[in-house]
1. Here are 103, 88, 125: which of them is on the phi > 0 side of the Ramachandran plot and either within 21 Å of the chain's Cα centre (by Cα) or surrounded by fewer than 18 Cβ atoms within 10 Å (Cβ to Cβ) (or both)?
2. Which condition from (1) assigned to a loop (DSSP other than H, G, I, E, B); (2) closer than 18 Å to residue 310 by Cα; (3) touching a helix residue (DSSP H, G or I) at 6+ places or on another chain (Cβ under 9 Å) is the one that residue 406 breaks?
3. Name the pairs whose Cβ atoms lie under 8 Å apart, with the first residue in the stretch 398-411 and farther than 21 Å from residue 71 by Cβ, the second in a loop (DSSP other than H, G, I, E, B) and at pLDDT 95 or above, and 6 or more positions between them or separate chains?
4. Please enumerate the residues belonging to the stretch 98-126 that are in contact with a helix residue (DSSP H, G or I) (Cβ under 7 Å, 6 or more places away or on another chain) and assigned to a loop (DSSP other than H, G, I, E, B).
5. Name the single residue that is nearest to residue 65 (Cα to Cα) among those in the stretch 243-253 being in contact with a helix residue (DSSP H, G or I) (Cβ under 8 Å, 6 or more places away or on another chain) and touching a residue at least 60 places away in the same chain (Cβ under 8 Å).
6. Among the residues of the stretch 306-323, is any crowded, with 20+ Cβ neighbours inside 10 Å, in contact (Cβ under 8 Å) with a residue 60 or more places away in the chain, in contact with a helix residue (DSSP H, G or I) (Cβ under 6 Å, 6 or more places away or on another chain) and closer than 25 Å to residue 259 by Cβ?
7. Looking at (1) touching a residue at least 40 places away in the same chain (Cβ under 8 Å); (2) within 23 Å of the chain's Cα centre (by Cα), which one does residue 236 not meet, given that it meets all the others?
């Protein structure tokens with residue numbers, strides 16, 4: 001497990017006069033968000049929703065006959081990694097060797113780097129990590145002969161006997177990395193099978209870029225991708241390009257993960273298949289983009305409910321300078337805004353120790369570095385200076401990277417602990 005991280009006044013929103021404490025010790029302080037014990041803005045995770053999401057996603061994967069390797073880049077939190085692994089996750093996913101090192105410290109023994117590894121320093125780092133743990137297994141993505149040549153050149157110059165595990169990535173024209181055509185993918189698979197530096201462990205894709213939150217469109221486009229990836233896998237199987245172990249088939253967005261299940265089952269292949277789902281944002285979910293996608297998934301799957309938003313950023317009304325406008329103590333430094341503006345979800349008047357749903361007409365129209373512009377009906381009861389507002393988010397990844405720690409809270413907003421991040 002990673003070395004203990006100590007929270008103190010150098011961490012945003014940690015009380016200036018409080019002594020340093022470990023995340024596990026914070027629950028003994030008797031703090032409550034609505035007692036204003038900590039400075040605003042304050043990022044919190046609701047324990048009940050967090051536990052629900054981890055258990056729900058694990059049960060979903062088991063029900064579908066696949067395994068989870070949650071994407072660690074979402075949170076980069078050793079404490080959350082440990083919870084996901086303890087709940088039964090097969091492994092973890094990362095986007096870089098740096099991130100992988102954090103996951104290894106947190107106890108991961110299987111990992112996918114869902115990205116290309118190309119530079120000497122990263123290949124060196126991966127080699128060091130693999131040498132340090134005999135039980136560690138890591139697969140990374142390869143999508144070109146040029147990348148394979150770089151790996152082989154590294155091995156020659158380092159005189160390394162290391163044989164890296166890799167996954168062949170199938171991409172989508174106009175989008176991110178990955179082989180664009182089946183012929184390109186098969187030529188690369190054949191070259192990998194001849195290389196002394198890598199061994200092909202399976203096939204991978206990322207379907208999230210196809211999704212539009214339109215079930216008819218999403219099912220059609222993702223199914224076409226699934227069929228394309230499966231055909232490459234079958235041809236690799238027939239061509240003898242795969243190793244002797246079970247074949248990994250992996251896909252990974254957090255928005256339409258139900259639609260890639262047919263890929264992860266690997267029908268028509270001659271060898272055992274390990275279907276690996278890499279969803280990451282499920283751990284906290286959100287109130288925006290992923291909430292909309294999950295409603296569509298619930299309809300497709302016939303579910304009454306699924307994930308719950310666990311992450312909120314609490315802030316205070318600092319000024320009501322004109323009718324219809326309040327300024328909040330939260331800005332671009334504190335909360336996601338890459339997909340859409342934060343969403344007011346709860347409100348606690350000044351001095352209140354209980355929160356209610358935010359009025360339906362409240363909306364964040366803009367963010368500055370340290371301010372949020374809360375718009376409201378000028379004819380309605382306005383928020384007052386000193387009121388507290390909880391903002392929900394769209395896309396958890398870009399809120400986590402703004403905090404070195406987040407408070408864990410019960411449903412009454414009592415602080416019971418904390419998690420830390422390693423961005």
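1. Result of the check over 103, 88, 125: 88.
2. Answer for residue 406: the failing condition is (1).
3. Correct list of pairs: 407/31; 407/38.
4. 106, 107, 108, 117, 118
5. 250
6. Yes, the stretch 306-323 contains a residue that is crowded, with 20+ Cβ neighbours inside 10 Å, in contact (Cβ under 8 Å) with a residue 60 or more places away in the chain, in contact with a helix residue (DSSP H, G or I) (Cβ under 6 Å, 6 or more places away or on another chain) and closer than 25 Å to residue 259 by Cβ.
7. Status for residue 236: all satisfied but (2).
The values are calculated or read from the model by the stated rules, or taken from the named source; none is laboratory data. Here the structure is a predicted model, which is why all the values come from computation and not from measurement. Reconstructed Cβ throughout: ideal geometry from the backbone, glycine too, with neighbour counts over all protein chains shown.
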